[in-house]
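As structure tokens, the structure follows; a few thoughts come after it.
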Amino acid sequence: MRASTLLSESLAVLGKELTAELRSRVALNAVGLFGLTTLVAVAYQIGPYRIQEQDRPHLLAALLWVILFFAATSGLSRVFVKEEDAHTAKTLRLAARPLAVFAGKFLFNLILLAALYAFIVPLYCALMGYPVQGVPGLVLLLACGAVALSATTTMVAAIISRASGSTALFAILTVPLVLPLLVMLIQGTRAAAGSAAVAAVVPALQGVVSLGGATLVISVYLFPVVWHD
Amino acid sequence: MTRNRLRAVLQWTLGVWLVLVILAAFFYAPAAAGFKGESARIVFFHVPQAWVAVLAFCVNLVASLRYLRTRNPIDDARAAAAARLGLVFSVLATVTGSLFANVMWNSFWNWDPREVSIVILLLIYAAYFALREAIPDEERRGSLSAAYAVLAFVTMPFLVFVVPRIYWSLHPDTIIGATGKLKLQMESRMLQVLLGSLVGFTGLFSWLYTLEVRLARARLARRGREEA
């Protein structure tokens, strides 16, 4: 009974987020356009031919994650900042338990990241001439990376929404936390691009899953403190 | 012996110990083979600084968890003091490492995974203080910065143990190797000085930390009297 209520509350929060986003499309536009603009700038300046052959595996994997991460930071903080700006946070505190709020917002950010990846990654591969041998491995890596990134950014968004100057703070607080994650994701992407076997991305996946899992568990434990304070 | 007298004795002992460590680092320990000139002697200061930065991070975590449980302002002050000292020792470790890199490899910065790890640690501490500055309400500042500190601590094992093993490193292999076994390959006198320095720097951190906490306690007491 209790578990189903928690699930229904989480889905209700997710539904509210999706409805509000489809109405305003602020986060979707910010994330999508930031990603597209950065990709066009990178593709125009560097393109598929201006990188030496031996540098391609490193540089193309790193550039992909730089674009994805910075595009993501432009919109992921909105989940909590908008509640404080619109003065709806108090109502949400009364309407749903903290865990449901966190789960709903986390899932919303996860969907936003999935949409960003689905839009940017194929475009990047086409514009930068980046042939990926192991597509299943890359998809697995993107999925695990999205979960880990969403857990970190949702928690940091909750923290900064209670502070002044929150938009600038979001990047300052998030970047040091996700740098080890990005290192592992870049390493995994390089491996996926070079090999068709899923086993090639396993070492990076282990790191991403353990860091993402640990962050998610800690976030669930800490969120009620941040939310009710 | 009164508390103040004991404190004075401990401070003098620490001072003498650190002077001995400095003298031993330059005159007792032999020059390490395979390094340019006397450059390897920096290890007696660089490694303890990095160790204290990580130790400060751990103290910050414990104090933050205590604050989340007790809501006692002194625990928040403890967490902030540990982070402040951690920031100072991270900067010192980065600078000494960079000086050594310039002597050995003619470049102050080589993007070594351990160099990057200590810089990320430094960025985390800096972000922690940026967050504290942005929250005027004291209680909220305490709880939000404690939450951030706990979240940030999750990344530390990955910075210290995972990232340096993914990329090739200029640094010598870690004391606890990939197999999990303890391996110390150091000349006996060098090892003695290094261990002595680790003890000395840990003592220095404890002294500075205690001073900061006593100062915070006095500030809190004065404010309590003013409000009463």
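The values are calculated or read from the model by the stated rules, or taken from the named source; none is laboratory data. Quick caveat, the model's predicted, so the values are computed rather than measured. Neighbour counts run over all protein chains shown; Cβ positions are idealised from the backbone, glycine included.
Taken over region A:162-181, the criterion of being at the interface with another protein chain (Cβ under 7 Å from one of its Cβ atoms), within 19 Å of residue A:85 (Cβ to Cβ) and free of Cβ contacts under 8 Å to residues at least 40 places away in the same chain is satisfied by A:163, A:164, A:165, A:169, A:173.
The set of residues from region B:97-118 being buried (at least 18 other Cβ atoms within 10 Å of the Cβ) and either at the interface with chain A (Cβ under 9 Å from one of its Cβ atoms) or at pLDDT 85 or above (or both) comprises B:97, B:100, B:101, B:113, B:116, B:117. Number of residues in region A:45-67 that are more than 25 Å from the chain's Cα centre (by Cα) and in a helix (DSSP H, G or I): the value is 4. Of all residues in region A:188-206, those being facing chain B (nearest Cβ under 10 Å) and free of Cβ contacts under 8 Å to residues at least 24 places away in the same chain number 2. A single entry from A:41, A:71, A:27 fulfils the requirement of being closer than 26 Å to residue A:184 by Cα and touching a helix residue (DSSP H, G or I) at 6+ places or on another chain (Cβ under 7 Å): A:71. Just the residues that are surrounded by fewer than 19 Cβ atoms within 10 Å (Cβ to Cβ) and either assigned to a loop (DSSP other than H, G, I, E, B) or touching a residue at least 24 places away in the same chain (Cβ under 8 Å) (or both), please, taken from region A:219-229. Matches in region A:219-229: A:220, A:224, A:228, A:229. Taken over region A:1-33, the criterion of being under 20 Å from residue A:119 (Cα atoms) and in contact with a Leu (Cβ under 9 Å, 6 or more places away or on another chain) is satisfied by A:21, A:22, A:27, A:28, A:31, A:32.
Quick grid of which residues meet (1) at pLDDT 75 or above; (2) loosely packed, with under 13 Cβ neighbours inside 10 Å; (3) more than 30 Å from residue B:70 (Cα to Cα):
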| site | (1), (2), (3) |
| --- | --- |
| B:155 | yes, no, no |
| B:163 | no, no, yes |
| B:167 | no, no, yes |
| B:176 | no, yes, yes |
| B:185 | no, yes, yes |
| B:195 | yes, no, yes |
| B:199 | yes, no, yes |
| B:207 | yes, no, no |
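Could you tell me which numbered condition residue A:72 fails, if it satisfies all but one of (1) farther than 30 Å from residue B:122 by Cβ; (2) more than 14 Å from chain B (Cβ to nearest Cβ); (3) aliphatic (A, V, I, L, M); (4) touching a residue at least 60 places away in the same chain (Cβ under 8 Å)? Going through the list (1) farther than 30 Å from residue B:122 by Cβ; (2) more than 14 Å from chain B (Cβ to nearest Cβ); (3) aliphatic (A, V, I, L, M); (4) touching a residue at least 60 places away in the same chain (Cβ under 8 Å), residue A:72 breaks only (1).
Restricting region B:125-145 to residues that are in contact (Cβ under 8 Å) with a residue 60 or more places away in the chain and at the interface with chain A (Cβ under 8 Å from one of its Cβ atoms), the residue that is farthest from residue A:226 (Cα to Cα) is B:139. Checking each residue in region A:188-204 for being of a type in the set (S, T, N, Q) and in contact with a Phe, Trp or Tyr (Cβ under 8 Å, 6 or more places away or on another chain) picks out only A:189.
Give the residue, chosen from A:146, A:163, A:204, A:193, that is assigned to a loop (DSSP other than H, G, I, E, B) and surrounded by 16 or more Cβ atoms within 10 Å (Cβ to Cβ).
Values: A:146 fails: assigned to a loop (DSSP other than H, G, I, E, B); A:204 fails: assigned to a loop (DSSP other than H, G, I, E, B); A:193 fails: assigned to a loop (DSSP other than H, G, I, E, B).
The match here is A:163.
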